[in-house]
1. Students sometimes get this wrong: rank Thr211, Thr67, Thr196, Thr127 by accessible area, probe 1.4 Å, all chains present, largest first.
2. Please work out how much accessible surface Val213 shows to a 1.4 Å probe, ignoring ligands, DNA and RNA, in Å² rounded to 10.
3. Keeping all protein chains in place, calculate the accessible area per residue for the range 1-160 (probe 1.4 angstrom), answer in Å².
4. If DNA, RNA and ligands are ignored and the probe is 1.4 Å, what is the ranking of Arg197, Arg42, Arg18 by accessible area, most exposed first?
5. So which helices of the chain fit the span-like rule, where a helix is a whole DSSP H run, its Cα atoms reach 15 Å or more along the axis, and its mean Kyte-Doolittle is at least 0.5?
6. Could you work out what % of the accessible surface of the range 59-210 is carbon and sulfur, using a 1.4 angstrom probe and leaving DNA, RNA and ligands out of the count?
7. Filter the cross-link list Lys198/Lys219; Lys124/Lys198; Lys124/Lys219; Lys21/Lys124 down to pairs whose alpha-carbon distance in this structure exceeds 27 Å.
8. Calculate the spin-label point distance for Tyr151 paired with Arg14, positioning each point 7 Å from the Cα along the beta-carbon direction, and give it in nanometres.
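The values are calculated or read from the model by the stated rules, or taken from the named source; none is laboratory data. In this text, all values refer to a predicted model and were calculated from it rather than measured experimentally. Cβ placement follows ideal geometry from the backbone for every residue including glycine, while neighbour counts extend to all protein chains displayed. Areas reflect the complete protein model, heavy atoms only, side chains present, ligands, DNA and RNA absent. Shrake-Rupley method; radii C 1.70, N 1.55, O 1.52, S 1.80 Å.
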Amino acid sequence: MNISLQGMGMTSLRTRERMIKRLSEQGIKNQRVLEVMRDTPRHIFMDEALSSRAYEDTALPIGYNQTISQPYIVARMTELLLETTGHLEKVLEIGTGCGYQTAILSPFVDRVYSVERILPLQRKARTHIGELKLKNISYLYNDGNVGWPEYAPFNGIIASAAPSEIPFQLIQQLAIGGVMVIPVGVNGQQMLQRVTRKTSGYEVEEIEPVTFVPFLSGKE
Ligand code: SAH
């Protein structure tokens, strides 16, 4: 790894190891998720001015009024998605953002299908993920409300923006036995939910209160 990927000082492996320790103290149990987060440089996903804060447990701005999710949330959502299977064939991600969550998902799935409604953010994500040489990702610039019907059904769906209600078309694209991890609710009062599609109907689990940017409509 070259020095900018590997990091130094506040972006070093040592700093990431401290982040991992904190995540396990916060209750993250999936060791593989922790390992992947230890080995993935988070600082390359954000502007250089903020890279020294990349491993703090906080959401940070990535431009266009959006934020990179805090490490705990990325870890928790990934863990929730993988809990029943450990490996998934096809995962749909709504809200590529800077691409960090996408990169963390990549080793656990055959293919990630990632949708983003802000084109410059999608471009940034592609560049960062390209630096890490992750190849199993397909990108779509579109309104995630409609999912990605061409590749449905998905074994997993993960959303990093909060709708007031789960978009109907998204839930329809979940395979039987598949799980969706999504924050639901209006500003300041969102609940992270895990929805499992059963042979008939859905099971909904309320996981914990969270704060996400809103799930918006249309493209920018
Ligand atoms: N996982 C990303 C989170 C970025 S913030 C990261 O860690 O960087 C949430 C993202 O969801 C933003 O990039 C926002 O543009 C996107 N988003 C919000 N509503 C969307 C929609 N309807 N379709 C696609 N993307 C959406």
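1. Numbers: Thr211 115, Thr67 60, Thr196 20, Thr127 85 Å².
If we order Thr211, Thr67, Thr196, Thr127 from most to least accessible, we get Thr211, Thr127, Thr67, Thr196.
2. 30
3. 44
4. Arg18, Arg197, Arg42
5. The answer, listed by residue number, is 71-82.
6. 49
7. Lys198/Lys219; Lys124/Lys198; Lys21/Lys124
8. Each label point lies 7 Å from its Cα, and together they span 4.0 nm.
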